[in-house]
Each structure stands twice: as structure tokens, then as C-alpha cells.
Amino acid sequence: MEGRAGDVQRANRELRVDGTAGRDGERTTEVTRLLRELVTEVARVHRRDSETTAYSDHCSPEELAAALPIWKRFLDLAIVSALLPLWLPVMIFVAIWVAVTSPGPIFYRQPRIGFKARRFMLIKFRTMKVNAETHIHEAYLEHLIVSDRPMIKLDMTGDPRLILGGRFLRATGLDELPQLFNVLKGEMSLVGPRPCTVGEFESYAPAQRARVNALPGLTGLWQVNGKNRTTFREMIEMDIFYARNICPSLDIKIILRTLPALVVQFYDIVQPISRSAVPPTPPVKT
């Protein structure tokens with residue numbers, strides 16, 4: 001009886017939300033949708049599952065221990081917990097911004113390649129309009145891979161597919177904040193190579209696939225050593241170097257260099273400049 005009453009109450013709540021969803025400017029509906037999506041993500045972290053199990057291919061305990069040693073897991077959880085009062089309000093604000101300024105889901109989920117080429121569902125804030133064409137980005141990425149030119153984002157030249165404020169979210173890295181859920185689930189670490197798309201991984205040469213021998217991260221050696229100012233080949237070399245030299249001191253150095261690197265990235269996107277005019281970024285010493 002109690003179960004049936006609960007079902008009726010949930011159905012009534014859904015009907016009330018659906019009845020107001022079509023009205024533009026109804027902030028109550030947007031906030032309700034925001035809270036529902038945030039609670040859903042927290043529940044997934046607690047269950048340690050993914051939205052689509054077809055993309056989930058968990059590592060064995062032995063493999064995961066090799067990719068995520070105790071010191072690295074401790075560092076991830078300690079930093080995420082310590083900075084909770086900082087990142088949680090920012091995440092809520094960004095979620096509200098996306099919900100109010102652009103119709104559609106707040107989060108964007110995409111299958112990515114993780115440790116040992118296993119797929120997982122990456123989560124980020126949606127910065128593009130719903131149903132935006134992706135073939136433009138895919139073709140642009142293929143061009144960067146074969147041309148050995150600086151990996152300048154399309155954002156720098158202006159991308160009409162972006163939502164209001166989407167360029168700012170990308171330039172500051174705020175769109176990547178929900179990947180903290182991926183970190184908490186153990187699918188990612190704070191430091192590691194950025195997880196590539198399935199299509200990008202399929203275009204890798206055999207030697208380049210060594211970059212997935214480390215757990216993917218929110219930031220990494222490539223991000224703090226130029227990122228948009230470097231070529232695809234340089235990115236691969238730095239990621240493979242990191243995968244072969246993981247240690248606490250290197251992770252800490254990369255974390256400390258991340259904020260200054262984000263400032264440079266933001267400047268590059270807001271004020272695009274040619275690579276010839278860009279002074280080389282000093283590398284992280286190891």
C-alpha cells in the first residue's frame with residue numbers, strides 16, 4: 001500500500017513539472033530540473049555505475065590498483081573533499097546558468113576512452129546547443145592530428161554552436177567540473193592524460209595508444225605545458241611520458257601549475273594570437 005502511494009505521489013510530482021515545462025521563463029521548473037539532474041549524478045557516484053552500462057567496462061582490481069595507487073587515490077579524494085566548499089557552489093551556479101540560458105539537458109555525456117582503452121561515460125556541462133552538429137569538430141580534430149599544427153580550439157575563431165556563455169565556460173575549464181564525479185567513481189584521476197573520444201582513439205598509431213596506460217585526468221602534463229600552443233604529436237609525447245613516470249611529486253607539481261595554465265588558456269581564447277608570437281611555456285621539471 002505504501003509503495004503504491006509513493007508511486008502516485010511521484011507521478012503527481014512529474015505531472016506538475018511536465019505541465020509547466022513548456023512555459024518560457026518558468027524558473028521553478030528549471031531549478032527543479034537542475035536539482036533532479038544533480039541528485040541523479042550523486043546517486044550514480046554512490047552506486048559506482050554509469051548512465052549506460054554498454055559503455056562501462058570496469059578494470060579488474062589488480063589493473064585498477066596499478067593505474068590508481070593508494071597515494072594517488074588519497075590525493076584525489078583529499079583535494080576534492082578539501083575544496084568541496086569552493087567547487088560545489090560554483091558547480092550549482094554553472095548548472096543554473098546552463099538551465100536558464102539554454103533549453104535542453106544541463107549535462108553532456110559522451111563515451112570516452114579511459115585506462116587500457118576501456119570506455120566510460122564522461123560528464124561535463126553542456127556548452128553547445130541541443131542537436132548541434134559534431135562532424136565539424138571531428139573533421140577539425142582529424143586535421144590537427146595529421147597537420148602537426150598547434151591544437152587551437154574552434155572556440156578561438158568563434159563557434160556558433162556554443163550556448164550563451166559557453167565560450168567562457170570552456171576557456172576557464174568550468175565546463176569540466178562535473179568530471180569530479182568521474183574522479184569520485186575512480187574512472188578518472190585529478191591528474192592524467194585527457195580522455196580522448198572513441199573516434200580519436202581509433203585514429204591513433206599503435207605507439208600513440210600508450211597514452212591510455214594511465215588513468216585519464218582533469219589536468220595533466222600537456223595542460224600545464226602549453227596545451228593549445230602545442231601540436232598533437234607533442235601532446236602524445238607528454239602524455240606517454242607521464243604514464244611512464246607517475247609519482248606523487250609530479251602530480252603535485254602539475255596540480256600547482258594548473259591554475260596559471262588556465263589563466264593562459266583563458267587569455268588565448270579571449271585574445272587569440274599566433275603561435276609565432278607566443279613565448280614558449282616553461283616545462284614542468286621532473
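A few remarks follow.
- Hits in segment 161-197 (condition: of a type in the set (A, V, I, L, M, F, W, C), part of a helix (DSSP H, G or I) and farther than 29 Å from ASN245 by Cβ): PHE168, LEU169, ALA171, LEU174
- Residue count, segment 199-253 (criterion: among the β-branched types (Val, Ile, Thr), under 22 Å from PRO150 (Cβ atoms) and either part of a helix (DSSP H, G or I) or modelled with pLDDT under 95 (or both)): 5
- Among the candidates ILE269, ILE273, the residue that is modelled with pLDDT under 95 and in a loop (DSSP other than H, G, I, E, B) is uniquely ILE273.
- For segment 215-225, a tally of residues being in contact with a Ser or Thr (Cβ under 8 Å, 6 or more places away or on another chain) and farther than 21 Å from LEU174 by Cβ returns 2.
The values are calculated or read from the model by the stated rules, or taken from the named source; none is laboratory data. Only a predicted model underlies this, so the values are computations on that prediction, with no experimental measurement involved. We place every Cβ from the backbone using ideal geometry, glycine too, and count neighbours over all the protein chains shown.
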